[in-house]
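Data block below; observations after.
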Amino acid sequence: MTLLQLLVLALIQGLTEFLPVSSSAHLILGSRAFGWPDQGLAFDVATHLGTLLAVLWYFRRDLAAMGSAVLSARHGDAQSRRLAWLLVLASIPALVVGALAADWVEAGLRSPVVIAVATILFGIVLWLADRYGARRWEVSDIGLRPALLIGLAQVLALIPGTSRSGITITAGRALGLKAPAAARFSFLLSIPIIAAAGGHGLLRVLQGDAGIALQPFLLAAAISALTALACIHVFLQLLERIGLTPFVIYRLLLGTVLLWLVL
């Protein structure tokens with residue numbers, strides 16, 4: 001893997017992990033555009049680590065409040081404790097299905113055509129949810145049923161091109177969350193999933209499934225962490241001003257370009 005490939009793909013991963021636009025589609029587009037080979041397992045692990053560090057840092061106060069509330073069951077903030085347990089429960093479907101079906105998905109669905117079609121299809125679904133969904137609820141209003149439904153929707157992100165953040169934001173909007181609230185819940189919900197994916201990849205690396213060089217690994221992790229951190233902040237600010245429609249349009253254009261490239 002060349003330095004240029006590492007820099008470009010780490011930037012792409014960091015910028016697209018938390019946007020509702022499919023990081024898989026962008027990585028394939030970048031590789032196709034430059035004729036690069038697959039980036040490899042070690043790179044995937046490094047960028048997962050970077051994006052995980054970014055979301056942990058950005059929501060560090062929320063996470064500290066939830067951790068304190070759970071540990072101090074009687075005296076902690078009840079709202080933070082409730083949110084913590086909702087996130088745990090909502091994470092279970094994707095963690096279970098991912099553990100059972102990850103290899104099948106990798107072998108059977110990770111094709112450019114599937115990614116392009118999913119990018120377009122779930123972009124349309126995002127538009128419908130944003131266009132017709134109510135705009136009533138904040139994160140503090142989420143109950144058990146909406147949290148579980150968003151968690152079930154997250155299972156669809158196993159289909160490459162769907163976008164994990166895209167499908168969970170879509171579900172949140174369809175259930176009545178305001179766009180910024182849907183995004184915040186989506187980002188918090190990403191933590192167990194990114195940690196599980198990164199941990200699984202790291203285990204494979206340690207078992208010898210891929211070679212690893214420390215300096216490129218740390219560089220990829222740092223680039224993806226910094227870009228993901230900036231992306232989370234800017235995206236949450238933009239949602240208040242421009243909404244989700246520009247991201248829908250972008251998905252449709254991206255999916256169309258991918259289809260044109262592969263077909």
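Given the residues 135, 184, which is the only one that is out of contact with any Phe, Trp or Tyr (no Cβ under 7 Å at 6 or more places or on another chain), of a type in the set (Lys, Arg) and in a helix (DSSP H, G or I)? Exactly one of 135, 184 is out of contact with any Phe, Trp or Tyr (no Cβ under 7 Å at 6 or more places or on another chain), of a type in the set (Lys, Arg) and in a helix (DSSP H, G or I), namely 184.
A quick yes/no check of all residues on (1) over 17 Å from residue 17 (Cβ atoms); (2) among the small types (Gly, Ala, Ser):
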| position | (1), (2) |
| --- | --- |
| 145 | yes, no |
| 153 | yes, yes |
| 191 | no, no |
| 213 | yes, yes |
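Out of 195, 171, one residue alone is crowded, with 22+ Cβ neighbours inside 10 Å and either within 16 Å of the chain's Cα centre (by Cα) or of a type outside the set (D, E, K, R) (or both). It is 171. Residues in region 204-239 that are assigned to a helix (DSSP H, G or I) and modelled with pLDDT under 80 were compared, and the one that is surrounded by the most Cβ atoms within 10 Å (Cβ to Cβ) is 205. Just for region 18-43: of the residues that are farther than 15 Å from residue 254 by Cβ and not hydrophobic (A, V, I, L, M, F, W, C), which one is surrounded by the fewest Cβ atoms within 10 Å (Cβ to Cβ)? Out of the qualifying residues, it is 35. Do we find that residue 182 is crowded, with 17+ Cβ neighbours inside 10 Å, over 15 Å from residue 102 (Cα atoms) and in contact with a Gly (Cβ under 8 Å, 6 or more places away or on another chain) in this structure? Judged against the criteria, residue 182 is a match.
The values are calculated or read from the model by the stated rules, or taken from the named source; none is laboratory data. Quick caveat: nothing in here was measured; it's all calculated off a predicted structure. Neighbour counts run over all protein chains shown; Cβ positions are idealised from the backbone, glycine included.
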